[in-house]
Amino acid sequence: MNGDASTLGEETAGSMAAADASRIIVEVVYALPDRCWRADLKLAPGSTLGDAIAASGVLEAFPELVVEHCQAGVFGRLRGLGEVLAAGDRVEIYRPLTMDAKERRRLRVLAARRRKT
């Protein structure tokens, strides 16, 4: 009888592991100047970047974000909202630039020249 109980326990544990194996774990992050928001999710295989953003709760936490206007990526590479995710992916939601990078550099150079004179 002990063998049967042990086998039953293994089958139950195996079923639970199979349920977890049918999910992928991804992380969603949104960085602000003063803090970072993040959520770990278990999603169905085939879930997209847009699905992860919607499921993460970030849109409720930051109502100013509109998923259709978000720029997002995976591990620093810009991706579309329809991009299918893989287990372990980190979804990053990017904030809009406050200033063009070239303009910012030009202003830094001007400021440096003024300090020298």
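Within the range 24-45, which residues are more than 19 Å from Arg95 (Cα to Cα) and either at pLDDT below 95 or under 11 Å from the mean Cα position of the chain (by Cα) (or both)?
Ile25, Val26, Asp40, Leu41
Can you tell me which residue within the range 55-85, out of those that are among the acidic types (Asp, Glu), surrounded by fewer than 17 Cβ atoms within 10 Å (Cβ to Cβ) and under 22 Å from Ala44 (Cα atoms), is modelled with the lowest pLDDT?
By that ranking, first place goes to Glu68.
Tally time: how many residues in the range 88-104 are surrounded by fewer than 11 Cβ atoms within 10 Å (Cβ to Cβ) and among the charged types (D, E, K, R)?
3
Just give me the residues in the range 23-63 being assigned to a loop (DSSP other than H, G, I, E, B) and either in contact with a Phe, Trp or Tyr (Cβ under 8 Å, 6 or more places away or on another chain) or among the aliphatic types (A, V, I, L, M) (or both), in sequence order.
Leu32, Ala44, Phe62
The values are calculated or read from the model by the stated rules, or taken from the named source; none is laboratory data. Computed from a prediction, not measured in an experiment: that's the story for all the values here. For neighbour counting, all protein chains shown are included, and Cβ atoms are generated from backbone atoms with ideal geometry for every residue, glycine included.
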